[in-house]
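Okay, structure first, notes after.
What follows is calculated from the coordinates using simple rules that are stated; it is not laboratory data. In this text, all values refer to a predicted model and were calculated from it rather than measured experimentally. Note that we place each Cβ from the backbone using ideal geometry, even for glycine, and neighbour counts take in every protein chain shown.
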Amino acid sequence: MATAEVNDLIMRRRSGRAIAADIVVPAVVIETMLEAARWAPSSGNAQPWRFVVVKDSPIIDAARSALKPGNQSWANAAPVLFVVCANPADDYDVAGQPLYLFDTGLAVQNLLLQGIHLGLVVHPMAGWDEDAMREAIDLPQPYRVICVIAAGYPGNVDLLPEDLQKRETAERSRKAPAEICHYNRWTS
Ligand SMILES: Cc1cc2nc3c(=O)[nH]c(=O)nc-3n(C[C@H](O)[C@H](O)[C@H](O)COP(=O)(O)O)c2cc1C
């Protein structure tokens, strides 16, 4: 498919894992990422997203422990975890399917792109134990944890577990346009 140049930020974004444990992410960087997320579109402007920025001990230790072991192996280096939450009732559904997750995903993408723009490694995760994460951040019901984002400045790839080192620099892959796009009618 012939295309014009895709926005550079979109092409540069990747879910990296090599994160420097000892470089602090300044408050202004965190706040700018949150600001980018805040301006995401949402159905009925419901803005269901909520963010808990976890960066201080002992809470970050508890949040790290709530990650699945495979994620802990690299994400525990991240000095910041954005725990993205939402209340399923904050939903402006007009078509019979919940939209709060969709809306929150749009805000997450804004946050990720802003993080890349500011030179960070940002990596969204679904691999965590919800009860443990809830307890770590004192999340009240009926909020759910939707996504956890590991963030920090780029670190040394050699410090990653061996199986992850190659993946860090491997080319990103996507389905072919023909597999996902149709014009006018669904064609099989
Ligand atoms: C909702 C969501 C959950 C994800 N969960 C994890 C995860 O638990 N662990 C992980 O290493 N990567 C996770 N990822 C990252 C994906 O594996 C990654 O986005 C995908 O392989 C495409 O690679 P790219 O983001 O570098 O383009 C997740 C991404 C999304 C959007």
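Spot the failing condition for Ala132; the list is (1) within 16 Å of the ligand (Cβ to nearest atom); (2) surrounded by 14 or more Cβ atoms within 10 Å (Cβ to Cβ); (3) within 18 Å of the chain's Cα centre (by Cα), and only one is missed.
(3)
Could you go through region 50-73 and let me know if any residue there is outside any loop (DSSP other than H, G, I, E, B), in contact with a Pro (Cβ under 9 Å, 6 or more places away or on another chain) and away from the ligand (no atom under 16 Å from the Cβ). Don't jump to the end; show me each part of the working.
First, pick out the residues of region 50-73 that are outside any loop (DSSP other than H, G, I, E, B): 50-54, 59-67, 69-73.
Now restrict to residues that are in contact with a Pro (Cβ under 9 Å, 6 or more places away or on another chain): 60, 73.
From what's left, away from the ligand (no atom under 16 Å from the Cβ): 60.
There is at least one residue in region 50-73 that is outside any loop (DSSP other than H, G, I, E, B), in contact with a Pro (Cβ under 9 Å, 6 or more places away or on another chain) and away from the ligand (no atom under 16 Å from the Cβ).
Being touching a strand residue (DSSP E or B) at 6+ places or on another chain (Cβ under 7 Å), part of a loop (DSSP other than H, G, I, E, B) and within 16 Å of the ligand (Cβ to nearest atom) is the filter here; which residues of region 3-34 pass it?
Ser15, Gly16, Arg17, Ala18
Just the residues that are of a type in the set (D, E, K, R) and part of a loop (DSSP other than H, G, I, E, B), please, taken from region 171-185. Walk me through how you get there before you give the answer.
Filtering region 171-185 for residues of a type in the set (D, E, K, R) gives 171-172, 174-175, 179, 185.
Result: Glu171, Arg172, Arg174, Lys175, Arg185.
Just the residues that are within 12 Å of the ligand (Cβ to nearest atom) and in a helix (DSSP H, G or I), please, taken from region 135-170.
Of everything in region 135-170, those that are within 12 Å of the ligand (Cβ to nearest atom) and in a helix (DSSP H, G or I) turn out to be Asp163, Leu164, Arg167, Glu168, Thr169.
Residues of region 74-91 being farther than 24 Å from Val54 by Cα and either within 16 Å of the ligand (Cβ to nearest atom) or surrounded by fewer than 15 Cβ atoms within 10 Å (Cβ to Cβ) (or both), which ones?
Of everything in region 74-91, just one residue is farther than 24 Å from Val54 by Cα and either within 16 Å of the ligand (Cβ to nearest atom) or surrounded by fewer than 15 Cβ atoms within 10 Å (Cβ to Cβ) (or both), namely Ala89.
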